[in-house]
Amino acid sequence: MHPRLLTTPFFTLHTFGLLLASAYVAGFWWLMREGRREGLDGDALASLGLWAIAGAVIGAKALMIARALPEYAAAPSELFSLSVLTSAGDFYGGFIGADRIRDLLPPPSRPAVLAHGRSVRARHRARPGDRPDRLLHGG
């Protein structure tokens, strides 16, 4: 993989950053599409998606810094450097951050969105002989 897709005197487009942003956009689009199909509130879903993305980014950076804490303790100014800002972070921190962000959602919308997700999964349980495409799109 090429580390840089486009380099200009003013801007560099990194491959991983573009792919990560594409994944966030695709995941958000899928969340909204499937949520509307199931009759869920679009505003609550948009809030959930944006908070999950924010939690993933913050969690990834936090765990990256925690894993290299002795290095950052020796040079605290590195915490605010461009290298920390442009780094991808730690995958597990992003996963944990996105998962834990649900505790910050307002209580009225949290149970409705998350509980409905459990009921949708229960209705679409895979059985022997089921085709994966039919599980997602009905049939």
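Quick note: the coordinates plus some simple rules give every number you see, no bench work behind them. The structure displayed is predicted, hence computed values, not measured ones. Methodologically, a virtual Cβ is constructed for each residue, glycine included, from the backbone with ideal geometry; neighbour enumeration extends over all protein chains shown.
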Net charge (Lys, Arg +1; Asp, Glu -1) of residues whose beta-carbon lies under 13 Å from that of Gly89, Gly89 excluded, is +1
Using just the Cα positions, wrap the stretch 36-112 in a convex hull and report its mean projected area in square nanometres, one decimal place.
6.2
On full extension of the chain, what length is gained from Ser83 through Ser47, given 0.36 nm per residue of separation minus the C-alpha to C-alpha distance?
10.0 nm
Each residue of the stretch 14-19 in turn: what ³J(HN,Hα) in whole Hz from Karplus with 6.51, -1.76, 1.60 and θ = phi - 60°, glycine and Pro shown as x?
7, 4, 4, x, 5, 5
